[in-house]
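Worksheet for the structure shown next.
Every number here is computed from the coordinates shown, using simple stated rules; none is lab data. Values in this document were obtained by computation on a predicted structure and should not be read as measured data.
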Amino acid sequence: MTRRKRYSKEFKREALRRANEPGVTDTLVAEELGFSTRQLRRWRDEANKHGEEAFPGQGNAHDKEMMLLKRENAKLRQERDFLKEAAAYFAKESK
C-alpha cells in the first residue's frame, strides 16, 4: 500500500500563489512541483472556501478515526483469512 504524500501549509500556499501569477497555468505548476492539477484545484477550492483558516494541519479527528478503522479492518481481514485457511487444512487432515 502506498502512502499519500503530505504537503505543508506553506507549500500549498506557495503553489497557489505561483499558479495565480500571470501567464502561469495550473498544469505548469503541477508538473514543476510534482502533483496533479486536480490536487491544485482542491487546494484552491479549500483556500477560497476557508480563506486564512485553510489547510489547518494534520487532518481532523474524523480522518484519524477513519485511518485507524481501516487499519483495524485490514488486520481483521488477515486474521479471518488465516483462520479460514487453518480450518480448511484441519478439515482436510481429519478426513
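Table for the structure above
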{"quantity": "Listed pairs Lys5/Lys75; Lys12/Lys75; Lys9/Lys70; Lys9/Lys75 exceeding 28 Å between Cα atoms", "calculated": "Lys12/Lys75; Lys9/Lys75"}
{"quantity": "The chain: relative contact order as a whole-number percent, Cα under 8 Å and 6+ apart", "calculated": "19"}
{"quantity": "Between the stretch 60-95 and the stretch 1-43, the Cα center-to-center distance that results, in Å", "calculated": "37"}
{"quantity": "GNM result for the chain, Cα springs below 10 Å: residue of Glu32, Glu79, Glu53 fluctuating most strongly", "calculated": "Glu79"}
{"quantity": "Coarse-grained scattering of the chain at q = 0.13, 0.14, 0.22 Å⁻¹, given as base-10 log I(q)/I(0) from a Debye sum over alpha-carbon atoms", "calculated": "-0.63, -0.68, -1.12"}
